[in-house]
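Quick notes on the structure that follows.
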């Protein structure tokens, strides 16, 4: 490398304009902004769902009748599902942070969400209608959006540098 | 015949066990004794039979689709296997921890046997997932 090239590299480094091949020294992968946006949406959606359930469960929302939760073990089911969702969300974020097994974590969460949607449709369609409790139905209706987001984030996730 | 698929014997054994389990489950529910289909059954048994019908439909689809994926689209076989493993684990956890107050399996000999052998199929599927995942990683 001659003197001119060395100087160019120094300036490029100072101005944060280093070519990607020279910045591979930092051994982490920068995901696309779409990925970060969708992952944030997934986290926000899941956390709001869980928070809403625990607020209703703890009688912290005024004007909401929680008697329906006692029917046919609905309370126990929602409670268990909220805890499992929280655990899976922790695994998803940990795998995204460590960049290991992220696609599998997404796949497990997708399967879990689809299965719980089927279970709820089969078990509770008889006594619970969508218009009864709009604050819960909103999450039931928008669940496909959550599943599509998980699919999307699974597809666009990068494990390696493209040049590798 | 199937170039490129060189899996260990244990994979095929695990796959055979999974298939045997699924076929026994289908047989057990297809030949349910008449007294179990009685409309005076408890609500739990009715719900369980309703849920089992939908699950068995998914199982039937998986039984048909899995060999196609394995032999034609081997690249995606690991994802399908992981998805099926997580589904089998999810429904097991659901039945014993989440839906415990709602689900009650009928007291029939073959159904009880199928229920008892569920952990074995989960272990078989986990083995298949591990082998497909780590085998393809070492090949790259």
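Suppose the filter is assigned to a loop (DSSP other than H, G, I, E, B) and either within 13 Å of chain A (Cβ to nearest Cβ) or touching a strand residue (DSSP E or B) at 6+ places or on another chain (Cβ under 7 Å) (or both); does residue B:91 pass it? Give the steps one after another, and end with the answer.
On the way: assigned to a loop (DSSP other than H, G, I, E, B): no; either within 13 Å of chain A (Cβ to nearest Cβ) or touching a strand residue (DSSP E or B) at 6+ places or on another chain (Cβ under 7 Å) (or both): yes.
No.
In contact with a helix residue (DSSP H, G or I) (Cβ under 8 Å, 6 or more places away or on another chain), at pLDDT below 85, assigned to a helix (DSSP H, G or I) and away from every other protein chain (no Cβ under 14 Å): is that true of residue A:74 in this structure?
Spelling it out, it is not the case that residue A:74 is in contact with a helix residue (DSSP H, G or I) (Cβ under 8 Å, 6 or more places away or on another chain), at pLDDT below 85, assigned to a helix (DSSP H, G or I) and away from every other protein chain (no Cβ under 14 Å).
Are any of the residues in region B:35-44 within 11 Å of another protein chain (Cβ to nearest Cβ) and either loosely packed, with under 12 Cβ neighbours inside 10 Å or in a helix (DSSP H, G or I) (or both)?
We begin by selecting, within region B:35-44, every residue within 11 Å of another protein chain (Cβ to nearest Cβ); these are B:43-44.
Those left that are additionally either loosely packed, with under 12 Cβ neighbours inside 10 Å or in a helix (DSSP H, G or I) (or both): B:43-44.
Taking every residue of region B:35-44 in turn, at least one turns out to be within 11 Å of another protein chain (Cβ to nearest Cβ) and either loosely packed, with under 12 Cβ neighbours inside 10 Å or in a helix (DSSP H, G or I) (or both).
Mind checking which residues of region A:77-94 are more than 11 Å from chain B (Cβ to nearest Cβ), farther than 16 Å from residue A:40 by Cβ and buried (at least 17 other Cβ atoms within 10 Å of the Cβ)?
Listed by number, the list holds a single entry, A:85.
For region B:122-137, state whether one or more residues are more than 10 Å from chain A (Cβ to nearest Cβ), crowded, with 16+ Cβ neighbours inside 10 Å and either outside any helix (DSSP H, G or I) or free of Cβ contacts under 8 Å to residues at least 40 places away in the same chain (or both). Before you say what the answer is, go through the steps one by one.
Filtering region B:122-137 for residues more than 10 Å from chain A (Cβ to nearest Cβ) gives B:122-128, B:130-132, B:134-137.
Of the ones still in play, those that are also crowded, with 16+ Cβ neighbours inside 10 Å are B:122, B:124-128, B:130-132.
Narrowing further to those that are either outside any helix (DSSP H, G or I) or free of Cβ contacts under 8 Å to residues at least 40 places away in the same chain (or both): B:122, B:130.
Scanning region B:122-137 turns up at least one residue that is more than 10 Å from chain A (Cβ to nearest Cβ), crowded, with 16+ Cβ neighbours inside 10 Å and either outside any helix (DSSP H, G or I) or free of Cβ contacts under 8 Å to residues at least 40 places away in the same chain (or both).
Only one of B:84, B:110 is within 10 Å of chain A (Cβ to nearest Cβ) and either closer than 23 Å to residue B:13 by Cα or not in a helix (DSSP H, G or I) (or both); which? Reasoning before the result, please.
Details: B:110 fails: within 10 Å of chain A (Cβ to nearest Cβ).
Only one candidate qualifies: B:84.
Could you please find all residues in region B:96-107 being surrounded by 15 or more Cβ atoms within 10 Å (Cβ to Cβ) and either in a helix (DSSP H, G or I) or away from chain A (no Cβ under 14 Å) (or both)? Give the derivation first.
Of region B:96-107, the ones surrounded by 15 or more Cβ atoms within 10 Å (Cβ to Cβ) are B:98-99, B:102-106.
Hits for region B:96-107 are B:98, B:105, B:106.
Please tell me if residue B:54 is farther than 15 Å from residue B:15 by Cα, within 8 Å of chain A (Cβ to nearest Cβ) and either modelled with pLDDT of 90 or more or not in a helix (DSSP H, G or I) (or both). Even if it seems obvious, please write down each step before you answer.
Details: farther than 15 Å from residue B:15 by Cα: yes; within 8 Å of chain A (Cβ to nearest Cβ): yes; either modelled with pLDDT of 90 or more or not in a helix (DSSP H, G or I) (or both): yes.
So residue B:54 passes the test.
The values are calculated or read from the model by the stated rules, or taken from the named source; none is laboratory data. As the structure is a computational prediction, the values presented were derived from the model and not from experiment. Ideal geometry is used to build each Cβ from the backbone, glycine not excepted, and the neighbour counts take in all protein chains shown.
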